[in-house]
1. Test ILE39 against the criterion of being among the aliphatic types (A, V, I, L, M) and within 21 Å of ILE165 (Cβ to Cβ), and give yes or no.
2. Scan region 165-206 for residues that are over 30 Å from THR143 (Cα atoms) and either acidic (Asp, Glu) or within 20 Å of the chain's Cα centre (by Cα) (or both) and jot them down.
3. Going through SER23, SER62, SER37, SER17 one at a time, which residue ends up being open to solvent by 10 Å² or more (accessible area, probe 1.4 Å), under 20 Å from MET136 (Cα atoms) and of a type in the set (Gly, Ala, Ser)?
4. Somewhere in region 246-269, is a residue part of a helix (DSSP H, G or I), over 21 Å from ILE13 (Cα atoms) and open to solvent by less than 30 Å² (accessible area, probe 1.4 Å)?
5. Got at least one residue in region 82-97 being among the charged types (D, E, K, R), open to solvent by 30 Å² or more (accessible area, probe 1.4 Å) and not in a helix (DSSP H, G or I)?
6. Being over 30 Å from ASP168 (Cα atoms) and hydroxyl-bearing (Ser, Thr, Tyr) is the requirement here; does SER17 meet it?
7. Taking the stated definitions as given, is GLY74 of a type outside the set (A, V, I, L, M) and more than 25 Å from ILE165 (Cβ to Cβ)?
8. Which numbered condition in (1) at pLDDT below 80; (2) more than 18 Å from ILE198 (Cα to Cα); (3) more than 18 Å from the chain's Cα centre (by Cα) is the only one that LEU57 fails?
Amino acid sequence: MLNLLTDPNLRWILFGSMLLGLSTGVIGTFAYLRKQSLIGDTLAHAALPGICIAFMLTGVKSILLFMLGAVVAGMMATVGITWITRHSRIKQDAAMGIVLSLFFGIGIVLLTKIQHSSYGNQSGLDKFLFGQAASMTANDVYTMAVVALLLVFACLLMFKEFKLISFDSGYASGLGFRVATLEQLLLWLVTVAVVVGIQAVGVVLVAALLITPAVSARYWTDRLGMMTLLSGIFGALSGAAGTWVSSGTAHLPTGPLIVLTASGLFVVSLLFGPRRGLLAKVLRRSNAKREWENKGRMIQIATLSSQQEREVSR
């Protein structure tokens with residue numbers, strides 16, 4: 001595992017995984033609070049046809065071109081979800097399911113077509129299904145770093161607006177904010193975060209990296225600013241720990257290990273969160289039961305004392 005400190009390629013993978021965890025953790029906080037946990041999964045699956053079309057048009061395996069194709073496909077998916085929910089009685093979760101199935105089906109068809117073409121076997125696009133962090137190069141990490149920093153900066157810049165639409169979109173509309181525009185902007189930022197993570201974690205697992213750190217952070221604080229910070233830290237720690245374990249163990253993929261680390265942090269948060277954790281709930285119930293029993297004893301003592309005083313007075 002010490003190779004992580006000496007091998008330049010492993011250092012790039014470590015840096016890229018941490019940036020990925022940081023950016024998805026920060027933007028995932030707002031997706032979680034808006035009860036859009038399924039949106040990451042939908043956008044990740046929707047990105048697959050964009051990646052395939054980008055490769056079919058250019059014939060070049062470039063992470064930047066794949067990201068552009070995935071972002072365009074993801075944005076089309078968000079527009080589709082918004083259109084379905086606003087122009088029909090279909091609820092958002094059902095609309096996400098429809099869009100996810102449609103785009104992923106198209107992606108699988110295109111992927112199969114590419115793999116059976118003359119250059120398909122060398123394309124390696126199937127790696128995007130489950131991720132391949134080991135294939136990241138310095139240029140990929142540079143691209144991820146720029147995108148991750150832009151995402152974090154956008155969240156800091158729009159923190160007040162995203163906070164309003166996350167908790168009370170009606171109040172935000174009353175204050176004059178363009179809620180529809182802000183919601184669409186947030187969806188697009190989530191799309192970019194998902195697309196950035198596809199190469200490392202894959203289409204199937206990237207949604208976990210978007211939501212799990214945010215859910216874990218919720219167990220430790222009630223303040224949105226602190227929750228966003230903790231979510232970013234948990235995401236970065238997951239990226240670092242997953243890469244560290246993968247670098248020291250043969251035949252263990254980095255992406256799934258990152259997701260497993262994030263899940264481990266969630267279990268720790270679930271058990272030991274100071275206010276919402278299971279241990280804290282058990283202690284509160286135990287204290288409440290003890291207080292109730294003490295009050296019951298005090299009432300019994302007071303009642304007995306009162307009876308004795310009445311008997312003495314007779």
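1. So ILE39 fits the description; yes.
2. PHE167, ASP168
3. SER62
4. yes
5. The answer is yes; a qualifying residue exists.
6. Judged against the criteria, SER17 is a match.
7. Against the criterion (of a type outside the set (A, V, I, L, M) and more than 25 Å from ILE165 (Cβ to Cβ)), GLY74 does not qualify.
8. For LEU57, the failing item is (1).
The values are calculated or read from the model by the stated rules, or taken from the named source; none is laboratory data. Just so you know, these numbers come straight off a predicted model, no measurement behind them. Cβ atoms come from the backbone with ideal geometry, glycine included; neighbour counts cover every protein chain shown. These area figures cover heavy atoms from the full protein model, side chains too; ligands, DNA and RNA do not enter into them. Shrake-Rupley method; radii C 1.70, N 1.55, O 1.52, S 1.80 Å.
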